[in-house]
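Below is one structure; the comments refer to it alone.
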Amino acid sequence: NIWEVTSDEINNYDAGHYYSSSFTGTPIPTLEEMIQTADHRIKLMIELKKNGHEDQLEEKTVALIQKYQFEDQCTIASMDLDILIKVKELNVQLKTVYITPVVYGDYYDLDFIDIFSVESTFVNRTMIERLHLEEKSIFVWTVNKESEMKRLFSMNIDGIVTDRPELASYYKTLGKQDEFI
């Protein structure tokens, strides 16, 4: 568990060897290091999760984003609506993403949610149209199969979470999508 180790211990972990021996020795970056590296190169979706051991999670995250003027280059995502409410209270400019398996019920018009990130098998045209009517975006996760990408791109999704960015990029050129994760 992250709360059982020090930052010095984490700095000694090898985050790269799992992927390839050529990445052996790659350390786990801090959020601050990720923001510095990503600046004007890529956008980040920063997912916040509470485990009962954090201290001012939302405040510290928002302060770090503001320190680097990174508001336009990231979104704050969570499965916890209270986290998204707090983030919007701290900085209304930040885009928030509600991660949920399915959008069902009275969630479509919540003003503290900008983007819904929905599990791909539950996405349908009606859901997408309803979210778009509320001026909300919809991202789908985790899409790695070619047939599923084709299906979703044909439905006017706004973004995709994938482990296969090269395939998503290919389908992006075939469709009208402009935001991919």
- Note on the structure: Going through the stretch 10-26 in order, the residues found to be closer than 27 Å to residue 94 by Cβ and assigned to a loop (DSSP other than H, G, I, E, B) are 15
- Residue by residue through the stretch 1-44, note down the ones that are of a type in the set (A, V, I, L, M) and over 21 Å from the mean Cα position of the chain (by Cα). 5, 10
- Item | Hits in the stretch 137-181 (condition: modelled with pLDDT of 90 or more and among the aromatic types (Phe, Trp, Tyr)) | 139, 141
- Top-ranked residue in the stretch 38-50 [being open to solvent by less than 70 Å² (accessible area, probe 1.4 Å) and part of a loop (DSSP other than H, G, I, E, B); ranked as farthest from residue 94 (Cα to Cα)]: 39
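With the structure loaded, tell me whether residue 35 is closer than 12 Å to residue 73 by Cα and either touching a residue at least 60 places away in the same chain (Cβ under 8 Å) or open to solvent by less than 70 Å² (accessible area, probe 1.4 Å) (or both) or whether it fails that test. Break it down into steps so the answer makes sense when it comes.
On the way: closer than 12 Å to residue 73 by Cα: yes; either touching a residue at least 60 places away in the same chain (Cβ under 8 Å) or open to solvent by less than 70 Å² (accessible area, probe 1.4 Å) (or both): yes.
Yes.
Quickly run through the stretch 51-67 and pick out the residues that are within 27 Å of residue 14 (Cβ to Cβ) and open to solvent by 20 Å² or more (accessible area, probe 1.4 Å).
51, 53, 54, 57, 60, 64
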- Residues of the stretch 10-32 satisfying the condition of being within 30 Å of residue 71 (Cα to Cα), out of contact with any Lys or Arg (no Cβ under 9 Å at 6 or more places or on another chain), open to solvent by less than 80 Å² (accessible area, probe 1.4 Å) and not aliphatic (A, V, I, L, M): 14, 16, 26, 27, 29, 30
- Condition check for residue 43: within 22 Å of residue 140 (Cα to Cα) and basic (Lys, Arg): yes
- Task: Any residue in the stretch 80-93 that's in contact (Cβ under 8 Å) with a residue 12 or more places away in the chain: show its pairings with residues that are hydrophobic (A, V, I, L, M, F, W, C) and surrounded by 11 or more Cβ atoms within 10 Å (Cβ to Cβ) at Cβ separation under 6 Å, as long as the two are six or more apart or on different chains.
- Result: 83/48; 84/112; 85/112; 87/76; 87/94; 88/112; 90/62; 91/62
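The values are calculated or read from the model by the stated rules, or taken from the named source; none is laboratory data. For clarity, every value in this text was computed on a predicted model and none was experimentally measured. All Cβ positions, glycine included, derive from the backbone under ideal geometry; neighbour counts span all protein chains shown. Surface accessibility is based on the protein's heavy atoms, side chains included, excluding ligands, DNA and RNA. Shrake-Rupley method; radii C 1.70, N 1.55, O 1.52, S 1.80 Å.
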